[in-house]
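Below is one structure, written out as structure tokens; comments come after it.
The values are calculated or read from the model by the stated rules, or taken from the named source; none is laboratory data. Predicted model only: the values in this text are computed from it and were never measured. Cβ: placed from backbone, ideal geometry, glycine included. Neighbour counts: every protein chain shown.
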Amino acid sequence: MNIVVGVTGGIAAYKVVQLVRLLVKDGHEVHVVPTADALRFVGAPTWEAISRHPVTTSVHDDVARVRHVALGQEADLVVVAPATANTIATMAAGLADDLLGTTLLATAAPVVVAPAMHTEMWRHAATQANVRTLLTRGVRVIGPDSGQLTGDDSGPGRMTEPELIHAEVGRVLAARCDARGLRFVVSAGGTREPIDPVRYIGNRSSGKQGVAVAVAAADRGAEVTLVVAHADEATLALAAAHPRIGVHRADTAAELSETLRGLAPAADVIVMAAAVADYRVAEASDRKLTKETSNGVPPAITLVENEDILAGLVERRAEGQMVVGFAAETPEAGESLAERGVRKRRRKGVDLLAVNEVGWSTGFEQVDNALTIIDARDEVVASVAGTKREVADALVDAVLAIR
Ligand SMILES: Cc1cc2nc3c(=O)[nH]c(=O)nc-3n(C[C@H](O)[C@H](O)[C@H](O)COP(=O)(O)O)c2cc1C
């Protein structure tokens, strides 16, 4: 495998020599890309000798190979260790003023970051916000650990030991391929049911969880078709840029149903994460409803039930195909989320049901999520909380464990 090791300007750079050594020993092609500051801590000759490849910080070297993007394009994984507060901020902002910056922007490979800095720098709101940005983009952040720092002080901020970063790199590389050969169809976002040409009945789904599932499966080698109703456009851009994700758009529940009906037969796994309206307006008005035309009587809106898309997918499920449902549940007194989930899973007949608790301030639109995953034996196979990407990875784990 091709691994890029980005090294930035912290004392812990010397420990990364050991990480590079371990990766080379595994048989990987390792390209070290230091920042200019990193070279003040450990010099280029060390990195070149240990990685057996030339080392530069500049986008202007080896221009004939278009090295500033080639390294990222060809990488199977990029690890940044140690990652300074400055480089984490640079990554969050998407800056590309050196070879490490351009490499990180040019890569579609998984990125692992091992922060190292003083506790105050780590705890600063700016650093925390930048780390969250990276997490929502699917970057794996390992550490920092707590312990002795550069000076006499100690606390959170110490880079995770190179052996542990090496083990994490191994796990990410293994996971990168474990969904290869599978075709996923994932729905995401909230449908909109028109009332008139300018109004609709919608819901608060941002599509973030469904998009995270699509990206997680694609990062792990699956070919993914994402069917998106209305979703946060910045989140969707992450999926649209992925080389293994194709995106289809749908507006209403009926459109979503039709698109999924066409795509489902070719899928190995269908993940129904879209928030589909249970009801639509019986007769949407062709003209905008106004106070003038209603003569002071508010218009009555009659709703009719939409088709149960998930039930239809289960009914038409092809041989060997897995159907995964999502259920957004508000808690009820005297019944746990898992109990509600089990009842729903049986009713829907899905292979896996991912249940998340929603309320006025939980679930929808949030960066984090918590899921209880129930399998066809009505067992809770995972209860996970974390970023939507972390939760998505746990769901893909559950799918692959069954397959
Ligand atoms: C001795 C020394 C140790 C440093 N250690 C760290 C560190 O562990 N983490 C960090 O974020 N910055 C550290 N810095 C500050 C960075 O080197 C500085 O912010 C630099 O601009 C980082 O550049 P880079 O991210 O491009 O490598 C250290 C500076 C010095 C002089």
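Here is a check on your reading of the model: is Thr103 more than 26 Å from Ala214 (Cα to Cα), under 21 Å from the mean Cα position of the chain (by Cα), part of a helix (DSSP H, G or I) and of a type outside the set (Phe, Trp, Tyr)? Break it down stepwise before answering.
Numbers: more than 26 Å from Ala214 (Cα to Cα): no; under 21 Å from the mean Cα position of the chain (by Cα): yes; part of a helix (DSSP H, G or I): yes; of a type outside the set (Phe, Trp, Tyr): yes.
The answer is no for Thr103.
Taking the condition of being more than 14 Å from the ligand (Cβ to nearest atom), more than 19 Å from Ala93 (Cβ to Cβ) and among the basic types (Lys, Arg), how many residues in the stretch 135-160 meet it?
Going through the stretch 135-160 one residue at a time, the tally reaches 1.
Of all residues in the stretch 22-45, which are touching a helix residue (DSSP H, G or I) at 6+ places or on another chain (Cβ under 6 Å), surrounded by fewer than 20 Cβ atoms within 10 Å (Cβ to Cβ) and assigned to a helix (DSSP H, G or I)?
Listed by number, the list holds a single entry, Leu22.
Checking Lys15 against (1) under 26 Å from Arg171 (Cβ atoms); (2) at pLDDT below 95, which single condition isn't satisfied?
(2)
Kindly check whether there is at least one residue in the stretch 301-311 that is within 28 Å of the chain's Cα centre (by Cα), in a loop (DSSP other than H, G, I, E, B) and of a type in the set (Asp, Glu). Don't jump to the end; show me each part of the working.
Of all residues in the stretch 301-311, those within 28 Å of the chain's Cα centre (by Cα) come to 308-311.
Those left that are additionally in a loop (DSSP other than H, G, I, E, B): 308.
Subsequent filtering for residues that are of a type in the set (Asp, Glu) retains 308.
Yes: one or more hits.
Using the structure shown, decide if Pro299 is loosely packed, with under 14 Cβ neighbours inside 10 Å and in contact with a Leu (Cβ under 6 Å, 6 or more places away or on another chain). Steps first, please.
Numbers: loosely packed, with under 14 Cβ neighbours inside 10 Å: yes; in contact with a Leu (Cβ under 6 Å, 6 or more places away or on another chain): yes.
Here the answer is yes, as Pro299 does meet what is asked.
Going by the conditions given, is Thr235 in the same structural domain as Ala273 (by TED's automatic domain parsing) and under 19 Å from Thr259 (Cα atoms)? Quick ask: steps written out before the conclusion?
Working: in the same structural domain as Ala273 (by TED's automatic domain parsing): yes; under 19 Å from Thr259 (Cα atoms): no.
Taking the combined requirement at face value, the residue does not satisfy it.
Would you be able to tell me the number of residues in the stretch 106-122 that are within 13 Å of the ligand (Cβ to nearest atom) and either more than 23 Å from Gly72 (Cα to Cα) or part of a loop (DSSP other than H, G, I, E, B) (or both)? Even if it seems obvious, please write down each step before you answer.
Looking only at the stretch 106-122, we keep the residues that are within 13 Å of the ligand (Cβ to nearest atom), and these are 113-122.
Then keep just the ones that are either more than 23 Å from Gly72 (Cα to Cα) or part of a loop (DSSP other than H, G, I, E, B) (or both); that gives 116-122.
The total comes to 7.
Could you tell me which of the residues Gly320, Gly341, Gly334 is free of Cβ contacts under 8 Å to residues at least 40 places away in the same chain, exposed (fewer than 14 other Cβ atoms within 10 Å of the Cβ) and of a type in the set (Gly, Ala, Ser)?
Only one candidate qualifies: Gly334.
So Pro156 clears everything in (1) in a strand (DSSP E or B); (2) modelled with pLDDT under 90 except one condition, right? Which one?
It fails just one condition, (2).
What number of residues within the stretch 368-384 are crowded, with 17+ Cβ neighbours inside 10 Å and of a type in the set (S, T, N, Q)?
Residues flagged as crowded, with 17+ Cβ neighbours inside 10 Å and of a type in the set (S, T, N, Q) within the stretch 368-384 amount to 2.
Do you know which residues across the stretch 46-58 are over 16 Å from Lys15 (Cβ atoms) and either part of a loop (DSSP other than H, G, I, E, B) or within 33 Å of the chain's Cα centre (by Cα) (or both)?
Passing the criteria: Arg52, His53, Pro54, Val55, Thr56, Thr57, Ser58.
Tell me which residues, restricted to the stretch 90-103, are buried (at least 17 other Cβ atoms within 10 Å of the Cβ), within 12 Å of the ligand (Cβ to nearest atom) and among the aliphatic types (A, V, I, L, M). It would help to see each step written out before you state the result.
Start the filter on the stretch 90-103 by keeping residues that are buried (at least 17 other Cβ atoms within 10 Å of the Cβ), which leaves 90-92, 96, 98-103.
Then keep just the ones that are within 12 Å of the ligand (Cβ to nearest atom); that gives 90-91, 98-101.
Hits for the stretch 90-103 are Met91, Leu99, Leu100.
When the residues of the stretch 9-21 are narrowed to those that are surrounded by fewer than 24 Cβ atoms within 10 Å (Cβ to Cβ) and away from the ligand (no atom under 16 Å from the Cβ), which ends up nearest to Gln148 (Cα to Cα)?
Gln18
What single numbered condition from (1) surrounded by 19 or more Cβ atoms within 10 Å (Cβ to Cβ); (2) of a type in the set (Gly, Ala, Ser); (3) modelled with pLDDT of 95 or more fails to hold for Ala109?
Unmet condition: (3).
Restrict the check to the stretch 123-134 and report whether at least one residue is part of a loop (DSSP other than H, G, I, E, B), within 15 Å of the ligand (Cβ to nearest atom) and on the phi < 0 side of the Ramachandran plot. Break it down stepwise before answering.
Our first condition is that a residue be part of a loop (DSSP other than H, G, I, E, B); within the stretch 123-134, this holds for 124.
Next cut, within 15 Å of the ligand (Cβ to nearest atom) only: 124.
Now restrict to residues that are on the phi < 0 side of the Ramachandran plot: 124.
Scanning the stretch 123-134 turns up at least one residue that is part of a loop (DSSP other than H, G, I, E, B), within 15 Å of the ligand (Cβ to nearest atom) and on the phi < 0 side of the Ramachandran plot.
Could you give every pair whose Cβ atoms fall below 8 Å, whose first residue belongs to the stretch 66-91 and is assigned to a helix (DSSP H, G or I), and whose second residue is near the ligand (Cβ under 8 Å from one of its atoms) and of a type in the set (Val, Ile, Thr), counting only separations of at least 6 or pairs across chains?
Every condition considered, the pairs that remain are Asn86/Thr8; Thr87/Thr8; Thr87/Thr35.
Being under 21 Å from Val24 (Cα atoms), of a type in the set (A, V, I, L, M) and crowded, with 17+ Cβ neighbours inside 10 Å, is that true of even one residue in the stretch 120-135? Don't jump to the end; show me each part of the working.
Within the stretch 120-135, the first condition is being under 21 Å from Val24 (Cα atoms), and the residues that meet it are none.
No, there is no match, as no residue in the stretch 120-135 is under 21 Å from Val24 (Cα atoms), of a type in the set (A, V, I, L, M) and crowded, with 17+ Cβ neighbours inside 10 Å.
Here's the yes/no breakdown for (1) of a type in the set (Asp, Glu); (2) modelled with pLDDT of 95 or more; (3) over 14 Å from the mean Cα position of the chain (by Cα):
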| position | (1), (2), (3) |
| --- | --- |
| Tyr200 | no, yes, yes |
| Ser205 | no, no, yes |
| Lys208 | no, no, no |
| Ala212 | no, no, no |
| Val215 | no, no, no |
| Arg220 | no, no, no |
| Ala234 | no, no, no |
